[in-house]
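Enquirer: Have a look at this one before I ask anything.
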There are 2 protein chains.
Amino acid sequence: MDASYRRSGAGGGSAPRSVEEIFKDFRARRSAILRALTHDVEEFYAQCDPDKENLCLYGYSNEAWEVALPAEEVPTELPEPALGINFARDGMNRRDWLALVAVHSDSWLISVAFYYAARLNRNDRYDPAPIAPVPLGLVLVSLLFVPC
Amino acid sequence: MDASYRRSGAGGGSAPRSVEEIFKDFRARRSAILRALTHDVEEFYAQCDPDKENLCLYGYSNEAWEVALPAEEVPTELPEPALGINFARDGMNRRDWLALVAVHSDSWLISVAFYYAARLNRNDRYDPAPIAPVPLGLVLVSLLFVPC
């Protein structure tokens with residue numbers, strides 16, 4: 001999976017360009033992370049080998065997850081997830097380690113959504129549906145409380 | 001400025017533990033970043049020397065900013081800002097480069113706030129003041145639209 005895949009939106013296409021597209025991207029990436037930390041947890045755990053180099057957990061917009069080295073080119077085109085999660089694996093209780101990865105991953109998902117949102121203009125930032133315009137941040141974050 | 005300073009809340013104390021403390025931390029870090037990118041921009045620009053190693057822009061809870069190497073220990077105790085901002089400086093228009101740093105910094109500020117917020121429990125996440133309980137995310141993000 002090359003770097004362009006990490007940068008892009010669903011299916012390797014362009015980056016999300018509306019509040020709705022950003023939320024879809026967020027939801028897909030979140031779904032990938034959730035699977036890595038629940039259904040696929042044995043595979044995820046095994047991939048986070050502390051003897052390997054600095055590893056990160058990526059969730060992509062096609063709902064796939066990957067444990068991989070960080071992007072080589074810096075500054076990166078998107079915010080990066082927490083680096084070196086594998087180094088903490090064997091020094092902690094398994095449950096605590098998974099919680100640590102989950103918290104860092106949640107924080108990363110939010111940072112990616114807000115990074116994409118920075119390119120929206122004044123009109124893009126308002127959802128046309130409600131009677132009163134709603135700032136993007138409220139739309140994005142309120143959606144966090146809706147079951148995905 | 002040692003690593004414990006980066007991790008901690010205002011004045012090197014403990015991490016913020018309520019919605020209000022998290023917002024204060026966010027506001028102070030944001031104020032630091034804003035100053036680096038406006039009033040102190042010449043100094044900031046000069047410090048981001050492309051011949052140095054990977055540098056990051058940190059904003060701290062005492063409203064100080066710093067251009068520094070990333071934390072050595074990984075995984076870090078807090079989400080890290082964009083790495084290697086100095087490498088992009090001379091290959092871009094100055095205004096575009098500052099905009100790139102600003103977008104990455106905004107995204108980082110949000111990720112730090114949400115990272116701190118993950119340790120709040122169900123009660124902590126609701127602001128007791130309003131008549132109807134307001135989820136933490138809405139409080140934090142709505143405050144982004146209030147002039148700091």
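The values are calculated or read from the model by the stated rules, or taken from the named source; none is laboratory data. For clarity, every value in this text was computed on a predicted model and none was experimentally measured. With ideal geometry, Cβ positions are generated from the backbone for all residues, glycine too; neighbour counts draw on all protein chains shown.
Enquirer: Is it true that A:R119 is over 16 Å from the mean Cα position of the chain (by Cα) and either crowded, with 23+ Cβ neighbours inside 10 Å or away from every other protein chain (no Cβ under 13 Å) (or both)?
Expert: no
Enquirer: I want to confirm something. Restricting to region A:105-115 and keeping residues that are buried (at least 24 other Cβ atoms within 10 Å of the Cβ) and not hydrophobic (A, V, I, L, M, F, W, C), which single residue is nearest to A:P16 (Cα to Cα)?
Expert: A:S111
Enquirer: Which residue pairs have Cβ atoms under 7 Å apart, sit 6 or more places apart or on different chains, and have a first residue in region A:88-108 that is among the acidic types (D, E) and a second that is in a helix (DSSP H, G or I)?
Expert: So the pair list comes out as A:D106/B:F114.
Enquirer: Now for a separate question. So, in region A:78-97, how many residues would count as being buried (at least 18 other Cβ atoms within 10 Å of the Cβ), within 18 Å of A:V41 (Cα to Cα) and of a type in the set (A, V, I, L, M, F, W, C)?
Expert: Matching residues across region A:78-97 total 5.
Enquirer: Still on this structure: Can you tell me which residues in region B:58-77 are surrounded by 19 or more Cβ atoms within 10 Å (Cβ to Cβ) and more than 9 Å from every other protein chain (Cβ to nearest Cβ)?
Expert: Of everything in region B:58-77, those that are surrounded by 19 or more Cβ atoms within 10 Å (Cβ to Cβ) and more than 9 Å from every other protein chain (Cβ to nearest Cβ) turn out to be B:Y58, B:G59, B:Y60, B:S61, B:W65, B:V67.
Enquirer: Further question on the same structure: Go through region B:1-46 and report how many residues are surrounded by 14 or more Cβ atoms within 10 Å (Cβ to Cβ), small (G, A, S) and either modelled with pLDDT of 90 or more or outside any helix (DSSP H, G or I) (or both).
Expert: Selection size over region B:1-46: 8.
Enquirer: Quick check on region B:81-99: of everything there that is part of a loop (DSSP other than H, G, I, E, B) and more than 7 Å from chain A (Cβ to nearest Cβ), which residue is nearest to the chain's Cα centre (by Cα)?
Expert: In this case the residue turns out to be B:P81.
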